[in-house]
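Just below is one structure, and these are the notes that go with it.
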Amino acid sequence: MINSTLHARELSRNFGNNIAVNDVSFSLQKGEVLGFLGPNGAGKSTTMRMLTGNLAPSNGSVKICGHDMVDNPKKAKEMIGYLPEMRPLYKELTVDEFLTIAARFHKVQSSKIMRSVENAKDKCGLSHMSKRLIENLSNGYQQRVGIAQAIIHNPEIVILDEPTVGLDPIQIREIRNLIKEIGKKHSVILSTHILPEVEMVCDRVQIINEGNLVFNGSIEDLKKQRRGNKLLVGFTKAPTKKELLAIDGVSQVDKIDKTMFRIHFKEKYLPAEEIVITSTKKKWGLFHIAPDITSLEDIFVQLTQKEKV
């Protein structure tokens, strides 16, 4: 049984003198949902196109379940379901007509096409839209049709490029649940710039910026980076920075306003208890103490912003 479904090594893509993707590597296991995150123009879609064989890399290689995308593209592509950012829909067809054609394109056996279409519609909440023309569907339902065509042949790997764009909050939640369900049996790559989506859905995340990977780790790694070693503390009778720095384990104090402080502490220390005891003893009037959790947006900015010269 093959556990590793995708292995991309040192992918690069140049457009003239412009380096769109620079030395990006991927690995993906069966049953894993990988979030591929980055700002607009970072190289996400270019990478997705290389992974699916729609764009040849300038350098590097892609293997799908052991099949090289260059040496054996037909076999490699059979194992992928792909929803690009621009949905590949024939809008003059009904949902059933389009998904039937998609099943034939993916070489689903004739005897199994009807069942495959019904399964895909059921998973994507399209069963009541069977006879509707795609062009008459809302943007959200058109997106569901796009996802349905990506999973209709039960592929090993499902690659979704910005799958929740244009959906309302209820539809977004349904699509996220669908992605989680698909990820139980298949490998999924979710390309997005929506930070909470990655944390809610994915097991692992890679962040790309200006064609370079700037983060590669588990969701737990990302959460640890969010938590850090910081406390947000408030006093009605604020002490001086010097007094706070005298507390064991405190390494840095940032004054936010007249009453609030951000207290950084050393690794393996948690000075919360001593802060409470000291505040009571010195009558600082402690009214707030809690972990200072960095927002996903702030982490994203820290990882992707250019260093100022």
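Quick look at the values:
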| quantity | calculated |
| --- | --- |
| Qualifying positions in segment 57-93 - in contact with a Ser or Thr (Cβ under 7 Å, 6 or more places away or on another chain) and of a type in the set (Ser, Thr, Tyr) | 58, 82 |
| Residues satisfying the stated conditions in segment 218-255, i.e. open to solvent by 80 Å² or more (accessible area, probe 1.4 Å), modelled with pLDDT of 90 or more and over 15 Å from residue 278 (Cα atoms) | 252, 255 |
| Segment 256-290, subset in contact with a helix residue (DSSP H, G or I) (Cβ under 7 Å, 6 or more places away or on another chain) and not aromatic (Phe, Trp, Tyr), residue least open to solvent (accessible area, probe 1.4 Å) | 263 |
| Positions within segment 161-206 being part of a helix (DSSP H, G or I), farther than 21 Å from residue 122 by Cα and open to solvent by 10 Å² or more (accessible area, probe 1.4 Å), in sequence order | 195, 196, 199, 200 |
| Count of segment 98-142 residues which are of a type in the set (Val, Ile, Thr) and within 17 Å of residue 171 (Cβ to Cβ) | 1 |
| 1 or more residues basic (Lys, Arg) and touching a residue at least 12 places away in the same chain (Cβ under 8 Å): qualifying helices (runs of 4 or more DSSP H) within segment 80-160 | 113-123, 139-151 |
| Odd one out for residue 293 among (1) at pLDDT below 90; (2) open to solvent by less than 60 Å² (accessible area, probe 1.4 Å); (3) among the hydrophobic types (A, V, I, L, M, F, W, C) | (2) |
| Segments classed as strands (runs of 3 or more DSSP E), wholly inside segment 209-288, with at least 2 members that are farther than 30 Å from residue 9 by Cβ | 230-235, 250-255, 260-265 |
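The values are calculated or read from the model by the stated rules, or taken from the named source; none is laboratory data. What you see is a predicted model; the values in this text were computed from it and never measured. Every residue, glycine as well, gets a Cβ built from its backbone with ideal geometry; the counts of neighbours run over all protein chains shown. With ligands, DNA and RNA removed, areas are computed over all heavy atoms of the protein, side chains included. Shrake-Rupley method; radii C 1.70, N 1.55, O 1.52, S 1.80 Å.
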